[in-house]
Amino acid sequence: MDIVLRERQTHSEKNGLIVVDGGAWLHKIVSVDGYQQSGPHFAEIWHRSLFSVPESHPVKQVLVLGLGGGSCLSVIRRRFPHAHVTAVEWDPAMVEIAKSLKIFRGKHVPEIIVGDACEVVPKLNQRFDLILVDLFRGGTTEPRLASDDMIAALSRVLEPDGYLLLNVFRSVSLVPAFERHFSRHGTFQFKNDLILLFRHAGQGRIGDPVPEGFVHQMQSPEFLAGGWEPGADNFAMVGKPGCYGMRWHYGPIWVESYTTDVQPEIDLTGPSRMVIWQPMTKLGKPVGWHRSWIQMNPLQHGFAVLCGKAEYWKEWTAHAQRHRKKWLKDERYEIVEVPLPEFAAAYHKTGKLPTMRKDFLKLLERRIRVHGDHVHLFAARDKQTRAIISGLAVLDVPDVSVSMHLIAFLHPKFEKTSVGTGIIDHWYAHCLKEGIRFPHFGLLWAPGDPRSWKGYSKFKRQFNPHLLRYPMPLVRFVRQRKTAA
């Protein structure tokens, strides 16, 4: 049995001289031009980096760009034992070395594509839950990796909720190139290697940009007005287009609130009050403002981005897509619009949220009084019995091209059916028909929210919403100016 450290050399047309050090019981080190391509160092890099990907994340498909000697394979196997790995390696000699090192075992043999990653990736027709990028020749990074075309191709094949780990090594110029397409969620330094963790923008990182054309619903005067009873004398709208806000008082206490990335212009002639400015993505702190140490607003909202996508469901999870297919084949039910009394009666029959149902319905009644036909009460019902089994109330806000999720319910007896997905699908189709670009799911659970919200938020996440995670709000106190007598 060979346990003696030894060196083996291989001449390659692509990499030149490849040196393999190590015996059967030792970690093998594969080097090119004196730079390690695989070995204990890289096994440790990927071992530690992969812990930034939650074990609960359903990693079923992994793409490895730059196989080298295959150090990452055993690490992926331990972390995600049921994942299928596709590896791209440009040098056939390196593939043979990886095979000779007996890293491929049993059912864990990866699918290997021999070719140039910059040419292979744009042609791939599948998506991956996890991508590892480690493209070097010796100590030199593949220069085309920083091209917009290559990074856009990586973005296309990464699942909407997927993770991408990039070994930057010393090529820090890769960082801004990747940040033009992805959101950086982590940075890990291992000696000379810098590993960056990327995800698509809108996966819950504070400061992520919002999609082009998105306007927060709180910048709709119509939506703002609907948050108060018609004719209320303790509420007033303030601000200007792009920076609308609300000013209200309870007794002698006045509050003014804005949700926008535009800095509010404060009216110094108004009453003494606390001004709360909730930015969407802005992280700076202008002069005169103070960063709140508590979050006084929702932590996170989620909205889908339709923008004319006729096949919107292709961006949903595989689970949601399967339920959509089941729903479309099920002829027992139909989705119709119903009046409020019928919607409310079905909602009460679910028996859920006993202390909150009446309050939710009061808010819905107020929205109907203010917005009229812009409120839609969708109900899924049995065609034979006419019994409503699920409902969804939405409010269309045309001036910002948003449709707001207000109330949803599902009768407990039908929780294992596909009706929940079916009614969301109906909502999306409604938005497309009305030219609405952003179906808005409202609150989605974020760390710090009640654990009881997690279940329905998990359901909403199946539809690939863009998660808008808010930074802590900014506050300032304004004292009323006294006018001269």
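Please treat every number below as a calculation from the coordinates, not as lab data. Nothing here was measured: the structure is a model prediction, and the numbers come from that model. Here the Cβ positions follow ideal geometry from the backbone for every residue, glycine too, while neighbour counts run over all protein chains shown.
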Proximal charge balance of residue 267 [Cβ under 12 Å; K/R count +1, D/E count -1]
+2
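Okay, helix-only estimate at 222 nm for the chain: each DSSP H run of n ≥ 4 adds -39500 (n - 2.57), divide by all residues, round to 500 deg cm²/dmol; what do you get? Walk me through the numbers on the way to the answer.
Details: 12 runs with 115 residues, N = 485.
That comes out to -7000 deg cm²/dmol.
As an exercise, use a Förster radius of 25 Å and the Cβ-Cβ distance of residue 249 and residue 295 to find the FRET efficiency, rounded to the nearest 0.05. Display every interim value, and only then the final one.
Values: r = 23 Å, r/R0 = 0.90.
It comes out at approximately 0.65.
If you take the beta carbon distance between residue 156 and residue 385 as r and set R0 to 41 Å, what does 1/(1 + (r/R0)^6) give as a FRET efficiency, to the nearest 0.05? Write down the numbers at each step before the final one.
Values: r = 46 Å, r/R0 = 1.11.
Approximately 0.35, to the nearest 0.05.
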Just one of (1) 21.9, 67; (2) 34.1, 112; (3) 27.6, 102 is Rg and Dmax of the Cα atoms in Å as worked out from the coordinates here. Which one is it?
(3)
For a protection proxy built on the mean count of beta-carbon atoms within 10 angstrom, sort 86-97, 61-72, 285-296 highest first, please.
61-72, 86-97, 285-296
Summed side-chain charge close to residue 380 - residues other than residue 380 whose Cβ falls under 14 Å, Lys, Arg +1, Asp, Glu -1:
0
Specify the angular offset, from 0 to 90 degrees and rounded to the nearest 10, of the alpha carbon long axis of helix 148-157 from the longest principal axis of the alpha carbons in the chain.
80 degrees
Tilt, helix 419-434 to longest principal axis of the chain (alpha-carbon atoms), in degrees rounded to tens, equals 70 degrees
Rounded to the nearest 10, the angle in degrees between the Cα long axis of helix 318-329 and the longest principal axis of the Cα atoms of the chain comes to 60 degrees
What ranking, highest mean first, results for peptides 246-258, 154-166 when packing means the other Cβ atoms within 10 Å averaged over each residue?
154-166, 246-258
To the nearest 0.05, the calculated FRET efficiency linking residue 261 and residue 453 through their beta-carbon distance, R0 being 22 Å, is 0.30
Residues of type lysines that residue 325 reaches as a straight line, Cα spacing below 23 Å, ignoring anything fewer than 8 places off in the same chain:
60, 309, 314, 383, 413, 416, 433, 458, 460
Relative contact order (%) - criterion: Cα under 8 Å, at least six apart; region: the chain:
13 percent
